[in-house]
Structures are given as structure tokens and as C-alpha cells.
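Step one of this worksheet: look at the structure below.
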Amino acid sequence: MTLKSKAESQIKQLKELIKKSGIDTDSIITKEYNHEFNAVDGKQKIKIQIFFGKKGLKKIIQGDANSNFFKTISNITSEQQSLDLNYSCIAEPDKYIGSDEVGKGDFFGPLVVAAVYVDSESKSLLTKLGIRDSKDVADNQIKLFAKEIKFIIKSNFQIVKINPDKYNELYSKFNNLNKLLDWAHSKAIENLIDNTGCKNVITDKFGKKDLSLVSKYPDITFISETKAEKYSGVAAASILARASFLEWFDSQSKKGMNLPKGASELVEDYAKSLIKKIDDIKLRSIAKLHFKTYTKIKNA
């Protein structure tokens, strides 16, 4: 079965699941890279999409994330483990700390690392909620998810938010992004280890070397994997990190600076325009200056 046909099968299952809940839906539309349909409640519409591509299948829900209708659709489409589009069932420790980071590829904004402690009960609740990698969740849904996650895990999380000023200072000290990431992950994880006594840690792999914490805690099992967001605790950490990251951008927007995310040509063009209006001190407070973007705009 091709990815396109798998996506078609999944979108049909989702449509049927929503219809069984008494909610109207329109017809499934097939586009070049996705299948989609709308769930309808009066004038409200929520779009459900399943994309297919090199990275596999991805479910996206679009609409007013603050509405009860959106939350209903989100909960319905996350009800069944069989509808998990990204990962098959995996073996997770009963209790562990999961960590992930957001912002390392963005010229503007902070680097944020979050760590989350989960047990059997919280893992089950996070799975039912449909928690997944923040990259697969629309920004307007992140805040809603973050609120639900904090309700489920209570105080069992740590967030290390490194705003650009501090980031530039630390990068000058470490002169290496992976070392900076190691420092931030270790700080978040260590606080949770001390608070919970947990003996298992799972991190999203960002370098070839083990975390520096490994030698400090020889009795703890450390797992470092690429795409570790398949673990519910790491996915929850990813969501909390992204929520904190977005809060920073919201705060800048309130100051009249609608900064773009990422490190694309759009970001470069925006930075070229911005640098004509502000000095390096101000730029240092909103951007990561070791990026190639900075070199390009300075030499433009």
C-alpha cells in the first residue's frame, strides 16, 4: 500500500469516526500532497487534513483552536490509538523524563528546552489527548495543548528558556551549538531528577556525544534517539517548549515587532530591512548572531 493510499484510508476512518459522533462532514478532497475534509457545525468549520510525503503521514487540524468545536474534533480524532499516524505502538518505560528543544533553527527568538516527567497514568492521558511532536501541531493549537499537558503532569516539568541576549553570551562561551544544547537539556533534566528520583531519561538526539549528565548519574538509564517525539513524554516536552517559544514572539509582537520564524530567505529579507532601523545591541536582544543570516545581512 502506498503512502497516498494509506493516507486515504486514514482520512476515511477519521471522517467515519466524526460522523458517528453526530457531527456533519463534507466530501473528502484529494490534492497533490494531502486528503482533506471539513467537520461542520452551523457556521463553524474545522478542516482535517492528512498529508503524505517522504516523512510519512501527518495529520493537521485547522480552525479556531480556542473554540469548543475545535477541541471536540481534536479529541475525537485522537481517541483511537489505531489512528496514530506517525508512530506504531512502542515500548516506553513505566516512568521516565523526556526532553526536547525548540528554536535552535530560528534566527529570531529564544532557544527553549523542556523536560517532562511522566508515569503510566499521565502517559495514558497524554496519548488520549493526542499529544505529538510540536512540529506537527499548528501554532494556534499549541497553547491549548500546553494548558492540558500542565493540567495532566502538574508540576512535573522544567523549562529552560534562553532568550537571545543570554543565548549569544552562552554561545560565545561554548562556541558550539551542541554544547549549548547539552547544557540546557542537562539543566532541565537534572532539576527533574532531583525532584522525582526518576531512573530513566529519554532525549531527542541532537549530537553524537552522550549528555554530560550521563557520567554524573551512573545509575540512571539514558536513551538518546532521533525523532524521540514518538515517546509521549518527549512529545509533551516538545509542546511545552514550543508554547514558551511562541510566548516570546507574542511579547515582541505587542512591542510592534512581528518577527518571522525560521531562517529562510523571508527571514533574511526581514532582517536586512530591520538592521537599517536598529543597532547591534538591539539586534543582539532578538536574534542569534552566530547564524549565517547575520553574516549575510551585515555584508549586504
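Against the condition more than 13 Å from Gly105 (Cα to Cα), outside the structural domain of Ala243 (by TED's automatic domain parsing), crowded, with 18+ Cβ neighbours inside 10 Å and out of contact with any Lys or Arg (no Cβ under 8 Å at 6 or more places or on another chain), how does Ile278 come out, does it pass?
In short, no.
Quick one: which residue in Leu129, Leu111 is farther than 19 Å from Val201 by Cα, surrounded by fewer than 23 Cβ atoms within 10 Å (Cβ to Cβ), among the aliphatic types (A, V, I, L, M) and in contact (Cβ under 8 Å) with a residue 40 or more places away in the chain?
Leu129
Applying the selection to region 130-141, what residues are assigned to a helix (DSSP H, G or I) and more than 8 Å from the chain's Cα centre (by Cα)?
Selection gives Asp139, Asn140, Gln141.
State whether one or more residues within region 29-49 are closer than 14 Å to Ser78 by Cα and either among the β-branched types (Val, Ile, Thr) or buried (at least 18 other Cβ atoms within 10 Å of the Cβ) (or both).
yes
Among the numbered criteria (1) in contact with a Lys or Arg (Cβ under 7 Å, 6 or more places away or on another chain); (2) closer than 18 Å to Ala236 by Cα, which one does Asn168 miss?
Here Asn168 meets the rest and fails (2).
Testing Gly256 on (1) within 23 Å of the chain's Cα centre (by Cα); (2) on the phi > 0 side of the Ramachandran plot, one condition comes back false. Which one is that?
Of (1) within 23 Å of the chain's Cα centre (by Cα); (2) on the phi > 0 side of the Ramachandran plot, only one is false for Gly256: (1).
Considering region 259-275 alone, what residues qualify as being under 23 Å from the mean Cα position of the chain (by Cα), part of a loop (DSSP other than H, G, I, E, B) and buried (at least 16 other Cβ atoms within 10 Å of the Cβ)?
Hits for region 259-275 are Leu259, Pro260, Lys261, Ala263.
A quick yes/no check of all residues on (1) surrounded by 14 or more Cβ atoms within 10 Å (Cβ to Cβ); (2) assigned by TED's automatic domain parsing to the domain that holds Lys58; (3) without any contact (Cβ under 8 Å) to a residue 40 or more places away in the chain; (4) within 15 Å of the chain's Cα centre (by Cα):
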{"site": "Ser172", "(1), (2), (3), (4)": "no, no, yes, no"}
{"site": "Leu181", "(1), (2), (3), (4)": "yes, no, no, no"}
{"site": "Val201", "(1), (2), (3), (4)": "yes, no, no, no"}
{"site": "Asp204", "(1), (2), (3), (4)": "yes, no, no, yes"}
{"site": "Lys209", "(1), (2), (3), (4)": "no, no, yes, no"}
{"site": "Leu213", "(1), (2), (3), (4)": "yes, no, yes, no"}
{"site": "Thr221", "(1), (2), (3), (4)": "no, no, no, no"}
{"site": "Ser238", "(1), (2), (3), (4)": "yes, no, no, yes"}
{"site": "Arg242", "(1), (2), (3), (4)": "yes, no, no, yes"}
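So Val267 clears everything in (1) in the same structural domain as Glu101 (by TED's automatic domain parsing); (2) within 22 Å of Phe291 (Cα to Cα) except one condition, right? Which one?
(1)
Can we say Asn156 is at pLDDT 95 or above and under 19 Å from Phe108 (Cβ atoms)?
It is false that Asn156 is at pLDDT 95 or above and under 19 Å from Phe108 (Cβ atoms).
Do any strands (runs of 3 or more DSSP E) lying entirely in region 19-129 carry at least 1 residues that are of a type in the set (Asp, Glu), modelled with pLDDT under 95 and touching a Lys or Arg at 6+ places or on another chain (Cβ under 8 Å), and which ones are they?
34-41
Looking for whichever is of a type in the set (Val, Ile, Thr) and touching a strand residue (DSSP E or B) at 6+ places or on another chain (Cβ under 7 Å) here; the options are Ile142, Ile162, Ile131, Ile149. Which one fits?
Just a single option satisfies the conditions, and that option is Ile162.
When region 1-18 is examined, which residues are found to be farther than 19 Å from Ser78 by Cβ, among the hydroxyl-bearing types (Ser, Thr, Tyr) and in a helix (DSSP H, G or I)?
Ser5
Just the residues that are part of a helix (DSSP H, G or I) and under 15 Å from Leu111 (Cα atoms), please, taken from region 281-300.
Arg284
The values are calculated or read from the model by the stated rules, or taken from the named source; none is laboratory data. Fair warning: this is a prediction, and the values are worked out from it, not measured in the lab. Methodologically, a virtual Cβ is constructed for each residue, glycine included, from the backbone with ideal geometry; neighbour enumeration extends over all protein chains shown.
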